[in-house]
Structure formats: structure tokens, C-alpha cells
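First up is the structure itself, then whatever we jot down about it.
Bear in mind these aren't lab numbers, they're just calculated from the coordinates by the rules spelled out. Worth saying up front: this structure is predicted, and the values here are computed from it rather than measured. Heads up, the Cβs are rebuilt from the backbone with ideal geometry, glycines too, and the neighbour counts pull from every protein chain shown.
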Amino acid sequence: MKDKITLHAKWLIKAPQAEVFNIMTDFEKWPEYFPKVAESIRVIRHGDNNLEIIATVKSFGQKFPVKMKTQILPGKGYISDNESPKFGTSGHEDFLLSESPDGTLIDYTYQVAIHKRWIRIVAQPLIGWFSMKYWQKAVIDELRKRLEK
């Protein structure tokens with residue numbers, strides 16, 4: 001059985017790339033910016049553009065801890081390897097920004113490995129569809145409210 005899912009979406013934010021970058025890489029403020037997905041985030045190690053982060057995130061009506069090893073790509077976004085043993089997943093996340101005539105294009109990819117069999121059974125329809133719709137509502141729409149004028 002396939003144990004990985006690739007989630008992918010693109011969104012346009014009508015705001016300068018630098019403003020989108022500044023908010024999206026200010027991880028410790030995510031609970032303030034995006035309270036529907038982040039309960040707490042703490043950077044426990046910071047070296048150059050490499051961060052180690054401990055977070056409590058919200059998804060599927062539950063809260064669970066996540067460890068993140070994140071590399072900030074100056075001005076362009078971030079990539080992150082994330083692990084959530086309690087939820088039974090690990091993954092690689094690419095949050096990439098590029099300029100567009102109308103603002104900033106976000107190109108988001110999350111490759112999720114599902115380690116718990118019971119989650120794999122419902123993974124594609126539930127995680128594949130629901131999580132991207134939820135992320136758009138909880139993060140992208142909030143980002144739009146904050147930046148688009």
C-alpha cells in the first residue's frame with residue numbers, strides 16, 4: 001500500500017513578496033497570525049537560516065506536537081522536514097514564493113509519509129482533499145485578510 005501522499009496547491013496573494021515572506025517565516029507569531037492551525041511554536045535552535053522548531057498544531061479537530069527542521073530561503077520562502085509521531089506522519093514541506101504581476105504566487109507542496117495503517121486507509125480522500133482546503137482557509141485566507149488592501 002502506498003504510504004505517501006503529495007499535496008500541492010498554488011495561491012495568489014495580492015501583496016508584495018517581501019511582506020508575504022516576513023509573515024510566513026515569523027514562525028513564533030503563527031499562533032497569533034494563524035490560530036486555527038498553530039497553538040504554539042517555539043524555535044529551539046537557530047543557526048543561519050536553519051531552524052529547529054517545536055510546535056503544537058491543530059488538525060482534524062485535535063492538537064498534536066510536531067518537530068520541524070526548517071531552512072529559510074531568504075526572500076523566497078522555506079522548506080521543512082516535519083515529524084509528528086503522535087499523529088503518525090512525517091513529511092517534507094516546500095513553501096515557495098515568486099513574484100507575479102498581481103502580487104505574490106505561493107507554490108506549496110507537502111509530501112506526507114503516513115506511518116499508521118489506520119490513517120493510510122482514509123488518507124488520500126481525507127488528507128488529500130480536506131487538509132488543503134483547511135490550510136487555504138486557516139492560513140492563506142488569513143494571510144489575504146492581513147495583507148491585501
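Placing a label point 7 Å from the Cα of residue 52 along the Cα-to-Cβ direction, the residues of segment 65-82 with a backbone N closer than 12 Å are 67-70. A simple spin-label model places the labels of residue 144 and residue 44 3.6 nm from each other, with each point 7 Å out along Cα-to-Cβ. Residue-wise HN-Hα couplings along segment 15-27, as the Karplus relation 6.51 cos²θ - 1.76 cosθ + 1.60 with θ = phi - 60° gives them from phi, are 7, x, 4, 4, 5, 5, 4, 4, 6, 6, 9, 8, 4 Hz; Gly and Pro carry x. The packing ranking, built from the mean of other Cβ atoms within 10 Å per residue, places the peptides 40-51, 69-80 in the order 69-80, 40-51, highest first.
Straight distance only, please: which lysines reach the Cα of residue 63 with their own Cα at less than 20 Å, same-chain residues fewer than 8 apart left out? Straight-distance partners of residue 63: 29, 36, 86, 116, 133, 137.
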